[in-house]
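K.L.:
One structure is given below, represented as C-alpha cells, and several questions about it will come after.
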Amino acid sequence: MYKTTMTAVFAAIVSAATPGAYAQTSTMPATRAAVTSHIIQSDEVRASKMIGSSVYDLQNRNIGKVSDLVLNKNGAVDVVVLDVGSFLGMGGKYVAVPLTDVKTDNNRLTLDRSKEQLQQMAAYELENPDTGAGSTTSPPTGGRLGR
C-alpha cells in the first residue's frame, strides 16, 4: 500500500508541474523586438549615465543637466527632463524635451537650443498632484508596461 500511495503522490506532482513546463517554453510574442546585439552600440546611451549629465548647446555652452527620463506606458522614453537655470540646486526649473532632440557628440549630450530658449519653456512637473503620477515607484511585483 505504501508504494501505491507514493506512486499516486508522484503522479500528482508530475501532472501539477506539467502546465508550468509548457508555459515556460512558450515563444516570445511577435510584438516584442528581439535583442540583436549583446553589447552597447556607439549610438546608444545608458539611462544611468544620462541622468545627471550636463547638456551642451551647439556653441559648447552648458545649458542644463538631465534630471530624469519619463517613460510612456509602452516602456519607451517619452521625454527627457532637464534642470535649467539652477545654481547649487536653487532657482531653476524642469523642462521636457523629446528624446529625439538630444544628441550625443564626442561622448556628451547636446541639444540644438539655447539656455534662454529652455528657460522660456513651460515648467514640467515631475509629479501630478491630481493623479499621484510620478510620486511613487513601480510595484515590486505585478503590473506590466504596455498592458
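No value in this document is a laboratory result; all are computed from the given coordinates. Please read these numbers as outputs of a predicted model, since none were measured by experiment. Methodologically, a virtual Cβ is constructed for each residue, glycine included, from the backbone with ideal geometry; neighbour enumeration extends over all protein chains shown.
K.L.:
Once you have the alpha carbon radius of gyration of the range 47-120, what is it after dividing by 2.2 N^0.38 Å, with N set to its residue count? Could the numbers behind the result be given before it?
P.N.:
Numbers: Rg = 11.8 Å, N = 74, 2.2 N^0.38 = 11.3 Å.
Rg over 2.2 N^0.38 Å, computed on Cα atoms: 1.04.
K.L.:
What FRET efficiency do you get for Gln41 and Glu116 if R0 is 35 Å and r is their Cβ-Cβ distance, rounded to the nearest 0.05? Could you put the intermediate results ahead of the total?
P.N.:
Details: r = 34 Å, r/R0 = 0.97.
Result of the calculation: an efficiency of 0.55.
K.L.:
Under a Cβ-Cβ cut-off of 14 Å, what is the net charge of the residues other than Lys115 that fall near it, where Lys and Arg count +1 and Asp and Glu count -1?
P.N.:
On the way: positive: Arg61, Lys65, Lys93, Arg113; negative: Asp57, Asp83, Asp112, Glu116.
Taking every Cβ under 14 Å from that of Lys115, the sum is 0.
K.L.:
Could I ask something else about it? Sorted by packing (mean other beta-carbon atoms within 10 Å per residue), highest first, where do 72-79, 36-43, 123-130 land? Please list the in-between numbers first.
P.N.:
Values: 72-79: 12.2, 36-43: 6.8, 123-130: 10.8.
Result, highest mean first: 72-79, 123-130, 36-43.
K.L.:
Moving on to the next point. Report the extension gain between Leu126 and Asp78 in nm, rounded to one decimal, defined as 0.36 nm multiplied by the number of residues separating them, less their alpha carbon distance.
P.N.:
Gain on extension, Leu126 to Asp78, equals 16.0 nm.
K.L.:
To continue, here is another question. May I ask for the net charge around Gly64, where only other residues with Cβ less than 9 Å from the Cβ of Gly64 are counted and Lys, Arg are +1 while Asp, Glu are -1?
P.N.:
Details: positive: Lys65, Lys115; negative: Asp83.
Charge balance in the 9 Å sphere: +1.
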